[in-house]
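What follows is a short report on a single structure.
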Amino acid sequence: MTRTWNFYAGPATLPRPALERAKAEIPDWESTGMSVMETSHRSPEYDVVHHGAMDLMAELLGLDDDHQVLFLQGGASMQFAMLPMNFIPKGGSADYVNTGTWSQKAFKEANIIASARWAASSEEDGFTRIPKQDEYNLDPDAAYVHITSNNTIKGTQFHDFPDTGAVPLVADMSSDILWRPIDANRFHLIYAGAQKNIGPSGVTIVIIKKSWIEQANEGLPTMLSYATYSAKESLYNTPPTFAIYMVRNVLEWVKAQGGLAAVERQNRAKGDRLYGVMAANPGFYSCPVDEDSRSYMNVVFRLPSENLEAQFVAEAKAAGMVGLKGHRSVGGCRASIYNAMPIEGVEVLAGFMEEFARRNG
Ligand SMILES: *Cc1c(COP(=O)(O)O)cnc(C)c1O
(Lines give C-alpha, C1' and ligand atoms only; values in the text may rest on other atoms or scores of the structure.)
Protein backbone atom coordinates (compact mmCIF):
# COMPACT_ATOMS: atom_id res chain seq x y z
CA MET A 1 0.00 0.00 0.00
CA THR A 2 1.38 3.39 -0.96
CA ARG A 3 0.31 6.45 1.00
CA THR A 4 0.41 9.95 -0.42
CA TRP A 5 1.96 12.74 1.65
CA ASN A 6 -1.26 14.61 2.25
CA PHE A 7 -0.99 18.30 3.13
CA TYR A 8 -4.67 19.13 2.63
CA ALA A 9 -6.18 21.56 5.15
CA GLY A 10 -9.24 19.42 5.83
CA PRO A 11 -10.45 16.76 5.62
CA ALA A 12 -6.87 15.87 6.26
CA THR A 13 -4.42 13.04 6.73
CA LEU A 14 -5.21 10.53 9.50
CA PRO A 15 -2.80 8.34 11.48
CA ARG A 16 -2.17 5.11 9.63
CA PRO A 17 -2.75 2.89 12.71
CA ALA A 18 -6.23 4.42 13.13
CA LEU A 19 -7.05 3.56 9.50
CA GLU A 20 -5.56 0.07 9.69
CA ARG A 21 -7.60 -0.68 12.77
CA ALA A 22 -10.80 0.37 11.02
CA LYS A 23 -9.87 -1.72 7.98
CA ALA A 24 -9.35 -4.79 10.14
CA GLU A 25 -12.53 -4.24 12.15
CA ILE A 26 -14.99 -3.43 9.38
CA PRO A 27 -16.05 -7.00 8.52
CA ASP A 28 -16.18 -8.21 12.13
CA TRP A 29 -15.91 -5.71 14.94
CA GLU A 30 -15.54 -6.92 18.52
CA SER A 31 -16.70 -10.41 17.41
CA THR A 32 -20.15 -9.06 16.56
CA GLY A 33 -19.96 -10.20 12.93
CA MET A 34 -20.82 -6.61 11.95
CA SER A 35 -19.06 -3.30 11.56
CA VAL A 36 -19.54 -0.49 14.06
CA MET A 37 -21.56 1.44 11.50
CA GLU A 38 -24.14 -1.34 11.28
CA THR A 39 -24.96 -1.68 14.93
CA SER A 40 -27.37 0.15 17.22
CA HIS A 41 -26.11 3.30 18.89
CA ARG A 42 -27.79 1.85 22.03
CA SER A 43 -25.74 -1.38 21.92
CA PRO A 44 -23.25 -2.13 24.71
CA GLU A 45 -20.47 -2.50 22.12
CA TYR A 46 -21.09 0.98 20.73
CA ASP A 47 -21.32 2.41 24.21
CA VAL A 48 -17.70 1.44 24.84
CA VAL A 49 -16.64 3.40 21.75
CA HIS A 50 -18.83 6.43 22.52
CA HIS A 51 -17.81 6.85 26.13
CA GLY A 52 -14.29 5.69 25.38
CA ALA A 53 -13.84 8.59 22.95
CA MET A 54 -15.30 11.06 25.45
CA ASP A 55 -13.13 9.78 28.29
CA LEU A 56 -9.96 9.82 26.18
CA MET A 57 -10.63 13.39 25.11
CA ALA A 58 -11.17 14.42 28.73
CA GLU A 59 -8.03 12.57 29.83
CA LEU A 60 -5.79 14.03 27.12
CA LEU A 61 -7.00 17.58 27.86
CA GLY A 62 -7.02 17.13 31.64
CA LEU A 63 -10.64 18.23 31.95
CA ASP A 64 -12.08 18.82 35.42
CA ASP A 65 -15.44 17.51 36.64
CA ASP A 66 -17.25 20.65 35.48
CA HIS A 67 -16.22 20.12 31.83
CA GLN A 68 -17.97 17.68 29.53
CA VAL A 69 -17.23 16.38 26.04
CA LEU A 70 -20.15 16.42 23.57
CA PHE A 71 -20.52 15.04 20.03
CA LEU A 72 -22.61 17.10 17.62
CA GLN A 73 -23.14 17.40 13.89
CA GLY A 74 -23.27 20.35 11.51
CA GLY A 75 -19.57 21.16 11.72
CA ALA A 76 -17.91 24.16 13.28
CA SER A 77 -20.18 26.23 11.02
CA MET A 78 -23.24 25.11 12.97
CA GLN A 79 -21.49 26.13 16.20
CA PHE A 80 -21.17 29.65 14.80
CA ALA A 81 -24.96 29.90 15.26
CA MET A 82 -25.58 27.52 18.14
CA LEU A 83 -23.18 29.30 20.49
CA PRO A 84 -24.89 32.73 20.35
CA MET A 85 -28.32 31.07 20.29
CA ASN A 86 -27.59 29.39 23.61
CA PHE A 87 -25.47 31.97 25.37
CA ILE A 88 -26.25 35.53 24.32
CA PRO A 89 -29.12 36.59 26.60
CA LYS A 90 -32.01 38.68 25.29
CA GLY A 91 -30.70 42.19 24.63
CA GLY A 92 -27.12 41.06 25.27
CA SER A 93 -24.00 41.01 23.11
CA ALA A 94 -20.82 38.97 22.70
CA ASP A 95 -17.23 39.97 21.91
CA TYR A 96 -15.32 38.48 18.97
CA VAL A 97 -11.68 38.66 17.92
CA ASN A 98 -11.24 39.22 14.20
CA THR A 99 -8.41 37.06 12.87
CA GLY A 100 -9.76 36.30 9.40
CA THR A 101 -12.35 34.30 7.49
CA TRP A 102 -13.54 31.84 10.12
CA SER A 103 -13.88 34.43 12.88
CA GLN A 104 -15.82 36.63 10.46
CA LYS A 105 -18.21 33.79 9.66
CA ALA A 106 -18.75 33.20 13.38
CA PHE A 107 -19.33 36.93 13.91
CA LYS A 108 -21.87 37.08 11.10
CA GLU A 109 -23.97 34.31 12.64
CA ALA A 110 -23.84 35.93 16.09
CA ASN A 111 -25.24 39.09 14.54
CA ILE A 112 -28.08 37.17 12.90
CA ILE A 113 -29.05 35.56 16.21
CA ALA A 114 -28.31 38.47 18.54
CA SER A 115 -25.57 41.08 18.62
CA ALA A 116 -21.78 40.92 18.50
CA ARG A 117 -18.92 43.41 18.46
CA TRP A 118 -15.23 43.18 17.62
CA ALA A 119 -13.03 43.35 20.72
CA ALA A 120 -9.77 43.17 18.72
CA SER A 121 -8.72 42.76 15.11
CA SER A 122 -5.65 42.34 12.91
CA GLU A 123 -7.55 43.21 9.74
CA GLU A 124 -5.44 46.34 9.12
CA ASP A 125 -2.38 44.10 8.88
CA GLY A 126 -4.06 41.66 6.51
CA PHE A 127 -4.52 39.16 9.38
CA THR A 128 -0.80 38.36 9.34
CA ARG A 129 -0.64 38.39 13.13
CA ILE A 130 -2.65 37.63 16.28
CA PRO A 131 -3.77 40.75 18.23
CA LYS A 132 -1.90 41.30 21.50
CA GLN A 133 -3.54 41.52 24.90
CA ASP A 134 -3.06 45.31 25.17
CA GLU A 135 -5.01 45.82 21.94
CA TYR A 136 -8.20 44.34 23.38
CA ASN A 137 -11.17 46.57 24.03
CA LEU A 138 -13.35 44.23 26.07
CA ASP A 139 -16.98 44.73 27.04
CA PRO A 140 -17.21 43.66 30.71
CA ASP A 141 -20.88 42.78 30.13
CA ALA A 142 -20.24 40.60 27.09
CA ALA A 143 -21.84 37.13 27.17
CA TYR A 144 -18.46 35.68 26.13
CA VAL A 145 -15.29 36.42 24.17
CA HIS A 146 -14.80 34.30 21.05
CA ILE A 147 -11.42 33.53 19.52
CA THR A 148 -10.28 31.29 16.64
CA SER A 149 -7.22 29.59 18.13
CA ASN A 150 -5.71 28.62 14.77
CA ASN A 151 -6.49 30.41 11.53
CA THR A 152 -6.38 27.65 8.96
CA ILE A 153 -6.40 30.02 5.97
CA LYS A 154 -4.05 32.79 7.15
CA GLY A 155 -1.62 30.47 8.94
CA THR A 156 -1.73 32.27 12.29
CA GLN A 157 -2.14 30.75 15.73
CA PHE A 158 -2.70 31.98 19.29
CA HIS A 159 0.35 30.98 21.33
CA ASP A 160 -1.09 32.61 24.47
CA PHE A 161 -4.80 32.86 25.14
CA PRO A 162 -6.22 36.26 26.13
CA ASP A 163 -7.12 37.13 29.69
CA THR A 164 -10.81 38.01 29.56
CA GLY A 165 -11.31 38.52 33.29
CA ALA A 166 -14.72 37.35 34.42
CA VAL A 167 -16.08 37.10 30.86
CA PRO A 168 -16.30 33.48 29.61
CA LEU A 169 -13.71 32.54 26.98
CA VAL A 170 -14.83 30.49 23.96
CA ALA A 171 -12.64 29.11 21.18
CA ASP A 172 -13.06 27.64 17.74
CA MET A 173 -10.21 25.09 17.85
CA SER A 174 -11.20 23.27 14.66
CA SER A 175 -7.71 23.25 13.21
CA ASP A 176 -5.52 22.88 16.30
CA ILE A 177 -7.41 20.97 18.98
CA LEU A 178 -5.00 18.56 20.72
CA TRP A 179 -1.90 19.97 19.02
CA ARG A 180 -0.32 20.60 22.43
CA PRO A 181 -1.28 20.54 26.13
CA ILE A 182 -3.45 23.53 27.07
CA ASP A 183 -5.37 24.60 30.15
CA ALA A 184 -8.72 23.61 28.63
CA ASN A 185 -10.52 24.25 31.91
CA ARG A 186 -10.01 28.00 31.35
CA PHE A 187 -12.56 27.83 28.55
CA HIS A 188 -16.31 27.88 28.97
CA LEU A 189 -16.67 26.28 25.56
CA ILE A 190 -14.36 24.84 22.91
CA TYR A 191 -15.62 23.54 19.58
CA ALA A 192 -13.95 21.80 16.67
CA GLY A 193 -14.98 20.04 13.51
CA ALA A 194 -13.10 16.73 13.73
CA GLN A 195 -11.81 16.69 10.15
CA LYS A 196 -8.61 18.67 10.63
CA ASN A 197 -6.77 17.26 13.59
CA ILE A 198 -8.70 14.36 15.11
CA GLY A 199 -10.84 12.40 12.68
CA PRO A 200 -13.11 12.36 9.65
CA SER A 201 -15.77 14.96 8.90
CA GLY A 202 -19.25 14.35 10.29
CA VAL A 203 -18.69 14.85 14.00
CA THR A 204 -18.12 18.12 15.83
CA ILE A 205 -16.51 18.07 19.26
CA VAL A 206 -17.78 20.49 21.88
CA ILE A 207 -16.16 20.80 25.29
CA ILE A 208 -18.45 22.70 27.59
CA LYS A 209 -18.41 23.96 31.15
CA LYS A 210 -21.43 22.22 32.62
CA SER A 211 -22.28 24.95 35.13
CA TRP A 212 -22.54 27.42 32.21
CA ILE A 213 -25.32 25.37 30.61
CA GLU A 214 -27.54 26.35 33.56
CA GLN A 215 -27.35 29.94 32.28
CA ALA A 216 -28.20 29.05 28.68
CA ASN A 217 -31.27 30.49 26.96
CA GLU A 218 -34.42 28.42 27.23
CA GLY A 219 -37.07 27.65 24.64
CA LEU A 220 -34.62 26.51 21.96
CA PRO A 221 -35.32 23.64 19.56
CA THR A 222 -34.19 20.41 21.21
CA MET A 223 -31.39 19.67 18.73
CA LEU A 224 -29.99 23.22 18.99
CA SER A 225 -29.72 23.24 22.75
CA TYR A 226 -26.45 22.19 24.42
CA ALA A 227 -28.52 21.07 27.43
CA THR A 228 -29.93 18.19 25.35
CA TYR A 229 -26.50 16.84 24.38
CA SER A 230 -25.25 17.26 27.93
CA ALA A 231 -28.17 15.54 29.64
CA LYS A 232 -28.28 12.68 27.12
CA GLU A 233 -24.48 12.36 26.77
CA SER A 234 -24.80 13.00 23.03
CA LEU A 235 -27.22 10.07 22.60
CA TYR A 236 -30.52 11.96 22.34
CA ASN A 237 -30.69 10.96 18.69
CA THR A 238 -28.42 8.83 16.51
CA PRO A 239 -24.90 10.26 16.67
CA PRO A 240 -22.44 9.85 13.74
CA THR A 241 -21.25 6.52 15.10
CA PHE A 242 -18.59 5.71 12.51
CA ALA A 243 -17.03 9.18 12.75
CA ILE A 244 -16.94 8.90 16.54
CA TYR A 245 -15.37 5.43 16.21
CA MET A 246 -12.63 6.94 14.03
CA VAL A 247 -12.08 9.77 16.51
CA ARG A 248 -11.70 7.14 19.24
CA ASN A 249 -9.06 5.35 17.13
CA VAL A 250 -7.20 8.64 16.58
CA LEU A 251 -7.32 9.55 20.28
CA GLU A 252 -5.89 6.15 21.19
CA TRP A 253 -3.09 6.80 18.72
CA VAL A 254 -2.46 10.24 20.32
CA LYS A 255 -2.24 8.58 23.73
CA ALA A 256 0.13 5.92 22.39
CA GLN A 257 2.41 8.68 21.05
CA GLY A 258 2.90 9.73 24.68
CA GLY A 259 0.03 12.19 24.96
CA LEU A 260 -0.07 15.86 24.12
CA ALA A 261 3.40 16.78 25.39
CA ALA A 262 4.94 14.29 22.99
CA VAL A 263 2.66 15.39 20.17
CA GLU A 264 3.68 19.02 20.77
CA ARG A 265 7.39 18.15 20.48
CA GLN A 266 6.71 16.47 17.13
CA ASN A 267 4.60 19.37 15.91
CA ARG A 268 7.20 21.97 16.87
CA ALA A 269 9.96 19.99 15.13
CA LYS A 270 7.81 19.79 11.98
CA GLY A 271 6.89 23.48 11.91
CA ASP A 272 10.42 24.62 12.75
CA ARG A 273 11.79 22.51 9.90
CA LEU A 274 9.58 24.25 7.31
CA TYR A 275 10.01 27.77 8.72
CA GLY A 276 13.75 26.98 8.79
CA VAL A 277 13.78 26.29 5.04
CA MET A 278 12.15 29.70 4.47
CA ALA A 279 14.69 31.44 6.72
CA ALA A 280 17.54 29.76 4.84
CA ASN A 281 16.16 30.83 1.44
CA PRO A 282 15.03 34.39 2.13
CA GLY A 283 15.04 35.59 -1.49
CA PHE A 284 12.91 32.66 -2.61
CA TYR A 285 10.43 31.68 0.12
CA SER A 286 8.65 34.21 2.26
CA CYS A 287 6.19 33.79 5.10
CA PRO A 288 3.65 36.62 5.33
CA VAL A 289 2.95 35.89 9.02
CA ASP A 290 4.71 37.64 11.95
CA GLU A 291 7.15 35.30 13.65
CA ASP A 292 5.32 35.23 17.00
CA SER A 293 1.96 34.42 15.35
CA ARG A 294 3.00 31.57 13.05
CA SER A 295 0.93 28.43 13.00
CA TYR A 296 2.37 24.98 13.67
CA MET A 297 -0.62 23.43 11.91
CA ASN A 298 -0.93 25.41 8.66
CA VAL A 299 2.36 26.75 7.32
CA VAL A 300 1.73 29.38 4.62
CA PHE A 301 4.40 30.66 2.25
CA ARG A 302 4.91 32.56 -0.97
CA LEU A 303 7.33 32.05 -3.85
CA PRO A 304 8.69 34.88 -6.03
CA SER A 305 5.81 34.62 -8.57
CA GLU A 306 2.42 32.98 -9.03
CA ASN A 307 3.86 31.03 -11.95
CA LEU A 308 6.52 29.54 -9.70
CA GLU A 309 3.86 28.76 -7.09
CA ALA A 310 1.79 26.85 -9.65
CA GLN A 311 4.91 25.01 -10.82
CA PHE A 312 5.82 24.21 -7.19
CA VAL A 313 2.39 22.72 -6.48
CA ALA A 314 2.41 20.69 -9.71
CA GLU A 315 5.94 19.32 -9.25
CA ALA A 316 5.25 18.50 -5.60
CA LYS A 317 2.19 16.54 -6.67
CA ALA A 318 4.23 14.60 -9.22
CA ALA A 319 6.63 13.80 -6.38
CA GLY A 320 3.82 12.39 -4.19
CA MET A 321 2.81 15.46 -2.12
CA VAL A 322 -0.75 16.77 -2.44
CA GLY A 323 -2.73 19.69 -1.04
CA LEU A 324 -0.03 22.38 -1.10
CA LYS A 325 -2.03 25.09 -2.84
CA GLY A 326 -3.02 27.96 -0.56
CA HIS A 327 -6.69 28.70 0.15
CA ARG A 328 -8.40 30.20 -2.90
CA SER A 329 -9.06 33.46 -0.98
CA VAL A 330 -5.35 34.18 -0.33
CA GLY A 331 -3.34 32.28 -2.96
CA GLY A 332 0.25 31.19 -2.35
CA CYS A 333 1.13 27.85 -0.82
CA ARG A 334 0.11 26.14 2.37
CA ALA A 335 1.32 22.97 4.03
CA SER A 336 -1.11 21.64 6.62
CA ILE A 337 0.92 19.53 9.01
CA TYR A 338 -1.58 18.36 11.61
CA ASN A 339 -0.81 15.82 14.35
CA ALA A 340 -1.13 12.88 11.96
CA MET A 341 1.49 14.18 9.47
CA PRO A 342 4.63 12.22 10.26
CA ILE A 343 7.98 14.02 10.53
CA GLU A 344 9.09 11.93 7.52
CA GLY A 345 6.46 13.65 5.36
CA VAL A 346 7.68 17.06 6.46
CA GLU A 347 11.28 15.99 5.70
CA VAL A 348 10.24 15.00 2.18
CA LEU A 349 8.56 18.39 1.70
CA ALA A 350 11.47 20.34 3.21
CA GLY A 351 13.93 18.53 0.95
CA PHE A 352 11.75 19.26 -2.07
CA MET A 353 11.51 22.96 -1.10
CA GLU A 354 15.30 23.22 -0.82
CA GLU A 355 15.85 21.51 -4.15
CA PHE A 356 13.12 23.55 -5.88
CA ALA A 357 14.74 26.79 -4.66
CA ARG A 358 18.17 25.66 -5.94
CA ARG A 359 16.76 24.87 -9.36
CA ASN A 360 14.59 27.99 -9.71
CA GLY A 361 16.24 30.61 -7.48
C1 LIG B 1 -12.52 24.29 8.73
C2 LIG B 1 -12.84 25.30 9.75
C3 LIG B 1 -14.16 25.67 10.05
C4 LIG B 1 -15.34 25.11 9.30
O5 LIG B 1 -15.58 23.82 9.73
P6 LIG B 1 -16.85 22.97 9.20
O7 LIG B 1 -16.74 21.75 10.06
O8 LIG B 1 -16.60 22.72 7.74
O9 LIG B 1 -18.07 23.75 9.45
C10 LIG B 1 -14.37 26.58 11.06
N11 LIG B 1 -13.35 27.12 11.75
C12 LIG B 1 -12.06 26.79 11.49
C13 LIG B 1 -10.97 27.43 12.28
C14 LIG B 1 -11.77 25.88 10.49
O15 LIG B 1 -10.50 25.55 10.22
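The values are calculated or read from the model by the stated rules, or taken from the named source; none is laboratory data. The model shown is predicted, which means the values in this text are computed figures rather than measured ones. A quick note on method: Cβ atoms are made from the backbone with ideal geometry, for glycine too, and the neighbour counts reach across all protein chains shown.
Details
- L63 meets the conditions (1) more than 16 Å from the ligand (Cβ to nearest atom); (2) within 30 Å of K255 (Cα to Cα); (3) of a type in the set (A, V, I, L, M, F, W, C); (4) not in a loop (DSSP other than H, G, I, E, B) in every case but one. The failed one is (4).
- Filter pass, E309 being over 27 Å from the mean Cα position of the chain (by Cα) and either assigned by TED's automatic domain parsing to the domain that holds C333 or not aliphatic (A, V, I, L, M) (or both): no
- Complete set of residues in segment 204-226 that are surrounded by fewer than 17 Cβ atoms within 10 Å (Cβ to Cβ), away from the ligand (no atom under 16 Å from the Cβ) and under 13 Å from L72 (Cβ atoms): T222, M223
- Exactly one residue out of T222, T238, T228 is farther than 20 Å from D176 by Cβ, hydroxyl-bearing (S, T, Y) and free of Cβ contacts under 8 Å to residues at least 12 places away in the same chain: that is T228.
- Scanning segment 184-212 for residues that are without any contact (Cβ under 8 Å) to a residue 40 or more places away in the chain and either of a type outside the set (A, V, I, L, M, F, W, C) or touching a Ser or Thr at 6+ places or on another chain (Cβ under 6 Å) (or both) returns a single hit, R186.
- Of all residues making up segment 93-112, the number that are of a type in the set (V, I, T) and on the phi > 0 side of the Ramachandran plot: 0
- Hey, G165 away from the ligand (no atom under 16 Å from the Cβ) and at positive phi or not: yes
- Of the criteria (1) on the phi < 0 side of the Ramachandran plot; (2) in contact with a strand residue (DSSP E or B) (Cβ under 7 Å, 6 or more places away or on another chain), which one G75 fails: (1)
- Any hit, segment 69-85, residues being assigned by TED's automatic domain parsing to the domain that holds I244, away from the ligand (no atom under 14 Å from the Cβ) and in contact with a Ser or Thr (Cβ under 7 Å, 6 or more places away or on another chain): yes
- Residue list for segment 4-38, filter: more than 16 Å from the ligand (Cβ to nearest atom), among the β-branched types (V, I, T) and within 24 Å of A192 (Cβ to Cβ): V36
- Any hit, segment 103-119, residues being surrounded by fewer than 17 Cβ atoms within 10 Å (Cβ to Cβ), away from the ligand (no atom under 13 Å from the Cβ) and in a helix (DSSP H, G or I): yes
- Residues located in segment 127-155, provided they are away from the ligand (no atom under 11 Å from the Cβ) and within 21 Å of L324 (Cα to Cα): F127, T128, G155
- Restricting segment 76-102 to residues that are outside any helix (DSSP H, G or I) and in contact with a helix residue (DSSP H, G or I) (Cβ under 6 Å, 6 or more places away or on another chain), the residue that is nearest to A227 (Cα to Cα): A94
- Test: residue in segment 249-260 that is in a loop (DSSP other than H, G, I, E, B) and at pLDDT 95 or above: yes
- Criterion (touching a Gly at 6+ places or on another chain (Cβ under 9 Å), under 29 Å from M297 (Cβ atoms) and surrounded by fewer than 18 Cβ atoms within 10 Å (Cβ to Cβ)) met by exactly one of N185, N197: N185
- When D95, D64, D47 are checked against the criterion of being without any contact (Cβ under 8 Å) to a residue 60 or more places away in the chain and either surrounded by fewer than 16 Cβ atoms within 10 Å (Cβ to Cβ) or assigned by TED's automatic domain parsing to the domain that holds I244 (or both), D47 stands alone in meeting it.
- Residues that are in a loop (DSSP other than H, G, I, E, B), of a type in the set (V, I, T), under 20 Å from the mean Cα position of the chain (by Cα) and under 22 Å from W102 (Cα atoms) do not occur anywhere in segment 156-173.
- Counted residues, segment 183-203 - those being away from the ligand (no atom under 16 Å from the Cβ), not small (G, A, S) and not in a loop (DSSP other than H, G, I, E, B): 2
- For segment 279-302, filtering for residues that are surrounded by 15 or more Cβ atoms within 10 Å (Cβ to Cβ), of a type outside the set (S, T, Y) and in contact (Cβ under 8 Å) with a residue 40 or more places away in the chain leaves 10.
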